[in-house]
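One structure is given here, and the rest of the page talks about it.
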């Protein structure tokens, strides 16, 4: 990636990904043959849920938490996954084995309501059972992003109330986030900083957001953002290591004056933010609290892998 285009999902190019095998409804097929129907609920309506996972040294990081979130989301939208947790885990492992992947892999697991009888939204038209797709790619995060940082731009597209679409739902319907991201890109930033319905700082289009003020870590209340697994791990690590941490409502006034800012997500773990709405944050370098949290998180991954 050039310096004008940065992302928390930046990864080193890997030609092996052109020849991966993908799990599609019980079969593992070459990438070129991995297709779903144009009648699929996910393609047609964004009717589905998904999870992203990382593989570290042969271990699926925080697998139980990811499966908890997946099955909770499926229950909420009334989607029967049709597989037990053990069966779904085995499908993931089979996909990894088919690709010879043991570390530095990223998994995108997508489950939709399946192929429909007719091209309308009624769930009862999905009569063929769910569609399950598992994509595993060789993917090593670009470590240079820690030195280059991310630039954010606050957008007018906010995270909505649960009575519209709950932001905790990891659904295929991502248009709200994509609109926000496009707004930020047109402003010359890398990702969008999104506010909650009341104007408090919430999250970005793709990651959870944190600031550091006078040695204390702040993040949103969590009421209007994805219940990020990495987000929670960072909060827990702070509490376990005597780093003050607060889940609270705070505004752009607090944000612009932050000593540090960073993002969390499954792929990039923690990524520093060096600019928000054209205002420099942290002197354009990774801060001490960010650096400590990133080191603690790497240790946590090793412990999780046994």
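Here segment 259-279 and segment 172-208 have alpha carbon centers that stand 13 Å from each other. Summing -39500 (n - 2.57) over the DSSP H runs of n ≥ 4 in the chain and dividing by its residue number, what mean residue ellipticity at 222 nm do you reach, to the nearest 500 deg cm²/dmol? Taken over the chain, the calculation gives -8500 deg cm²/dmol. Mean separation of Cα pairs under 8 Å and 6 or more residues apart, divided by the residue count, gives segment 159-235 a relative contact order of 30 percent. Here the convex hull built on the C-alpha positions of segment 150-192 has a volume of 74 cubic angstrom per residue. If you plug the beta carbon distance of residue 97 and residue 248 into 1/(1 + (r/R0)^6) with R0 = 41 Å, you get a FRET efficiency near 0.40. Dividing the C-alpha radius of gyration of the chain by 2.2 N^0.38 Å, with N its residue count, gives 1.01. Entry note: segment 170-260 has Rg to Rh equal to 0.98, where both radii use alpha-carbon atoms and Rh is the Kirkwood radius. On the basis of the beta-carbon distance and an R0 of 51 Å, residue 27 and residue 291 show a calculated FRET efficiency of 0.70.
Of the peptides 184-194, 267-277, the order by per-residue mean of other Cβ atoms within 10 Å, starting with the highest, comes out as 267-277, 184-194. Using a Debye calculation, one point per C-alpha and no hydration shell, please list log10 I(q)/I(0) for segment 15-138 at q = 0.12, 0.13, 0.23 Å⁻¹ in order. Debye curve over Cα of segment 15-138, log10 I(q)/I(0) at q = 0.12, 0.13, 0.23 Å⁻¹: -0.44, -0.51, -1.36. In a Gaussian network model over the chain where Cα atoms closer than 10 Å are linked, find which of 210, 43, 262 has the largest mean-square fluctuation. In this elastic network of the chain, the residue with the biggest mean-square fluctuation among 210, 43, 262 is 43. Length gained on full extension, residue 56 to residue 127, computed as 0.36 nm times the residue gap minus the Cα-Cα distance: 21.8 nm.
For segment 85-156, the Kirkwood hydrodynamic radius from C-alpha pairs, put into Stokes-Einstein at 20 °C and a viscosity of 1.002 mPa s, yields a diffusion coefficient of 136 µm² per second. Compute and list, largest first, the equivalent-ellipsoid semi-axes of segment 36-96 from the alpha carbon gyration tensor, each √(5λ) rounded to a whole angstrom. They are 23, 14, 11 Å, listed from largest to smallest. Compactness of segment 144-304 was expressed as the Cα radius of gyration divided by 2.2 N^0.38 Å, which yields 0.96.
Quick note: the coordinates plus some simple rules give every number you see, no bench work behind them. Remember, it's a predicted structure, so these values are computed and weren't measured experimentally. With ideal geometry, Cβ positions are generated from the backbone for all residues, glycine too; neighbour counts draw on all protein chains shown.
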